[in-house]
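Heads up: the structure comes next, in structure tokens.
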Amino acid sequence: MTNSDRHNIRTALIPAAGFGTRLKPLTNIAPKEMLPLGRKPTAQYIVEELHASGIDDIIFIISPQKTLIRDYFGDTTCDGSVRLRYVVQEKQLGLSHAILCAEEAVGNSHFAVALGDSVIISRERAFPLQRMLRSYAENPAFGVITVEKVDLADSYKYGMVRPVCEPGIQPFEISALVEKPKPEVSPSRYAVGGRYAFGAEIFDLIRRTPPGVNGEMQITDAIALGMAEGGRVWCTPLTAEEHRHDIGNFKTMCEAYVALSLLDPELAPSVAKAIRDSENGR
Ligand code: G1P
């Protein structure tokens, strides 16, 4: 087992066992995490992001049907620098349940979580995940979350946090968080952005948290329970230069496809031309 301590997290989970209902019929042929964005499958961007942030032990949480993820990635990355493991979530009971399925594989390590349908584009020198791990190392937190500022009208799509003080670009502590609130009751415009760092105590919190929104076991609720019991949580915000793409529905998946293609030097000219041509009605 990889020994990840608080100051040197090397293990990360990629929950990738959801049904992909909103992307049917595409998800009849491949799990959403394997759908292409430009020339790579979505999950490959996430593996590369984790590796660039010092992670060398990745555990995918997959459904029994999602063998394609395992077939594609195998047990190690091409250069052998990252070990890949797989845990099967037999029943899709929610995100925190998926994380709980990896308890044995994680052991007593501190670990990161990167949602398999969420890609972050960053041109900053320290990637968002690195900043999150640094904040976890430096603060007395049982959890650190990457957050992004969203339109208040979209709060019902996300976990939303309540900062202790008006946030700037630095990590900030929060006093509460809630899953998918309506805009009128959202605690702020800062949304949970699909990246987390935890210690092993999160597993016990997950076990003690009842199902929440949509009858699913929500990691937001498990974190809220930890805070109700006196635990502290910090957030690291994405900068104005960073963008998170959620590929959970067709609109955002298509936006992600275009955004990542435009960052690919070989694809960018023809994709940009296709956009210009279509705008000019050609
Ligand atoms: C999940 C989390 C939510 C978070 C979101 C980010 O929601 O439960 O807190 O804001 O991912 O994408 P889901 O997209 O699975 O509904």
_Burial order of peptide ranges 70-77, 247-254 (average beta-carbon count within 10 Å, highest first)_ = 247-254, 70-77
*Using alpha-carbon positions, what is the distance between the centroids of region 226-240 and region 164-180, in Å?*
6 Å
*Does region 105-171 come out rounded, prolate or oblate by the C-alpha gyration tensor, with a ≥ b ≥ c the root eigenvalues, rounded set by a/c under 1.5 and, if not, prolate when a/b is larger than b/c and oblate if not?*
rounded
_With just the Cα atoms defining each centre, how far is region 246-282 from region 70-140? Give it in Å._
28 Å
*Cβ charges +1 (Lys, Arg) and -1 (Asp, Glu), total dipole of region 1-59, debye*: 360 debye
*Taking +1 at the Cβ of each Lys and Arg and -1 at the Cβ of each Asp and Glu, which of MET34, SER109, PRO128 sits farthest along the dipole of the chain towards its positive end, judged by Cα position relative to the Cα centre?*
MET34
*Of GLY248, PHE203, GLY215, farthest towards positive along the dipole that unit charges on Lys, Arg, Asp, Glu beta carbons give region 177-252*: GLY248
*Of LYS157/LYS251; LYS149/LYS182; LYS32/LYS180; LYS32/LYS66, which sit over 18 Å apart, Cα to Cα?*
LYS32/LYS180
*For region 152-205, state what percent of all Cα-Cα pairs lands in each successive 5 Å bin, counting from 0 Å until the bin that includes the largest distance.*
4, 19, 24, 23, 18, 8, 2
*Could you pull out every one of the aspartates and glutamates with an alpha carbon less than 17 Å from that of LYS24, ignoring same-chain neighbours closer than 8 positions?*
GLU33, ASP117, ASP246
*Would you kindly give the portion of the calculated P(r) for the chain that falls above 28 Å, as a percent of all Cα pairs?*
33 percent
*Size of electric dipole in region 140-261: Cβ of Lys, Arg +1 and of Asp, Glu -1, about Cα centre, debye, nearest 20*: 120 debye
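Every read-out reported here was derived from the displayed coordinates using simple, explicitly stated rules and does not represent laboratory data. Computed from a prediction, not measured in an experiment: that's the story for all the values here. Virtual Cβ from ideal backbone geometry, glycine too; neighbours counted across all protein chains shown.
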